[in-house]
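Remarks on the structure that follows.
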Amino acid sequence: MLDLNTEVKYVKGVGPRIAEWLEQKNLHTVEDLLYYLPFRYEDRLNPRSIGELRPGEMATVIAEVRNSALFRTKKFPVFELIAGQGPSTLKCIWFRGEYLRDRFKPGQLVALYGKVEAAWKGRGLQINQPQFEILDSGQAELESGEVEDLESLEVGRIVPIYESAAGAKLTSRWFRRVIYGALHSLRRDIDDGIPASVSRRLELMDRRDAFDKVHFPPVGEAFVDLAEHKSPAHRRLIFEELFFLEIGLEMKRRRLRQRAGIAFQLNDKVREAIKTMLPFHPTAAQKRVLKEIAEDMQQPSPMRRLLQGDVGSGKTIVALQAAVIAIENGYQVAFMAPTEILATQHYLSARRILEDKGYRVVLLTGSQDDDRKRNTRRHIAQGNAHLVIGTHTLIQENVEFNNLGLVIVDEQHRFGVMQRFKLMKKGAAEPDTLVMTATPIPRTLALTLYGDLDTSILDELPPGRTQLPHARFLTIARTKSGTL
């Protein structure tokens, strides 16, 4: 009997030589092999005879190769195959089909799937660009030389289609045979990492059944659900992937909370500085979100928070309030934007709000002349610049901060994670991080995309601002529990 950790070379039909080919697909164990899922399915439950075909229908036909040829036209080459069942024939056409020149041989049995059309000038029927599989190619048979009687895997059922490997030496038919054999030899009682209570509540099938049914769907399985990867087996395996992703992200968050960060003070002086900088009365949503951010910043572990809100909801002013908390505690703030236009807009807004309060705001972008950039970098390194706004230029090695305490990243989805980390590493201590996005993200998706971040949502627009279509959506997202 096999278990999930058995090396793939011990699966019947594989062996050491083919195992080396499978390593190119990162298939090392039986478990890896079972997660090599079909990328589509063909309905061969009731293959049609050529005589039954009618123009306009989608159909599967299993027939014998009669002949094939490549024809040159003025625009592109056309590959033509004639398949037959007794006296009946069916023409198949592939445009730009040079790659099929030596693929078919007379007498081969092939499965063809596509839309049936009337041939040119009404001469019979044809299928253009059909999906196909050679059913008796003989490629990569079982290494022992045995040819097993597994034709029931090829016809009379919904058939899984796999991506070929090793330069097409390992065909879809080969994968069907080997995966079928692996499942037949696999222990019934395999580990299932999803708690039984969760599986019962969400009505998920167990892992062993999911492997069986995703590879070899039972009679009665809805073909449309399989084609759209919505069958119960797909649902189980998709949930499993997301479940363990979230478990991993939660473990990452817990490790993060154990790391030493900066515990910012929120005393009367800091509170007064925040109040005096505001150009308008904040909304209830802004007050709530600022409270969440301020509480995070007071913790001794580094803050990692996603600020989500529609355009016009006031994300920037909340970010600047967080910046004031850091600056009043004696730290610098880096504010990174994805484009020079957006960085300049933030710079002008920050100057208008902060500079008359005694805070020095500087801009650093790639298009500035060398003398200006050198002068700006010098002020940053000496600690004269309190708020540094810029583009990717901020993560360059020659940009050094004197005492970086807070990193703000706008439009986070337009930056790579490593870019954010590079900026965070410029602090002597690990700085707090606030990332912003205007993209409306449901809470569950936010957990997946930004799983190392806690989430705050601005779901209210300031008075006088036009209600935007995403505002109600964000309110719904905020009130959902977020349970997958």
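Where a number appears in this text, it was derived from the coordinates with a stated rule and is not lab data. Note that the structure is predicted; figures quoted are calculated from it, not measured. Positions of Cβ are backbone-derived with ideal geometry, glycine not excepted, and every protein chain shown enters the neighbour counts.
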Given the peptides 158-165, 315-322, 300-307, arrange them by the average over their residues of other C-beta atoms within 10 Å, most packed first. 315-322, 300-307, 158-165
Just order 66-75, 33-42, 225-234 by mean Cβ neighbour count inside 10 Å, highest at the front, would you? 33-42, 225-234, 66-75
As a test of the formula, what do you get for the chain when each DSSP H run with n ≥ 4 contributes -39,500 (n - 2.57) and the sum is divided by the residue count, at 222 nm and rounded to the nearest 500 deg cm²/dmol? -10500 deg cm²/dmol
Separation of the residue 189 and residue 384 label points, Cα + 7 Å toward Cβ, nm: 7.4 nm
Segment 330-355 residues near the modelled residue 411 label - backbone nitrogen below 12 Å, point 7 Å along Cα→Cβ: 337-346
Among 109, 278, 406, rank each residue by its count of other Cβ atoms within 10 Å, from fewest to most, as a rough exposure measure. 278, 109, 406
With Cα coordinates, the longest principal axis of the chain makes an angle with the long axis of helix 284-297, in degrees rounded to 10, of 90 degrees
Separation between the residue 256 and residue 40 pseudo-spin-labels, each 7 Å from Cα along Cα→Cβ, expressed in nm? 4.0 nm
Checking the cross-link filter: which lysines have an alpha carbon closer than 26 Å to that of residue 74, excluding same-chain neighbours under 8 positions apart? 91, 115, 121
Helix 268-277 against the longest principal axis of the chain: what's the angle in degrees, Cα atoms only, rounded to the nearest 10? 80 degrees
Burial-style ranking of 2-14, 51-63, 113-125, average other-beta-carbon count within 10 Å with highest first, yields 2-14, 51-63, 113-125
Computed ³J(HN,Hα) along segment 300-312: with the Karplus parameters 6.51/-1.76/1.60, θ = phi - 60°, integer Hz and x for glycine or proline, the list is x, 9, x, 6, 9, 9, 9, 9, 10, x, 6, 4, x
Show the residues, 5+ positions off or on another chain, whose built amide H is closer than 5 Å to the amide H of residue 433. 303, 304, 305, 407
Sequence-distant aspartates and glutamates (8 or more away, or on other chains) whose Cα lies within less than 13 Å of residue 269: 328
Any chance you could give the angle, 0 to 90 degrees and rounded to 10, that helix 315-328 forms with the longest Cα principal axis of the chain? 50 degrees
Read-out volume of the Cα convex hull per residue in Å³, candidates [x] 365; [y] 144; [z] 230; calculated match is [z]
For segment 429-434, Karplus-derived ³J(HN,Hα) couplings (6.51, -1.76, 1.60; θ = phi - 60°; whole Hz; x for glycine and proline) come out as 9, 6, x, 6, 9, 10
For segment 102-121, list residues with backbone N below 13 Å from a point placed 7 Å from the Cα of residue 135 toward its Cβ? 108-113
The chain: antiparallel bridges as % of DSSP beta bridges, rounded to 5, reads 50 percent
What distance in nm lies between label points placed 7 Å from Cα along the C-beta direction at residue 374 and residue 64? 8.4 nm
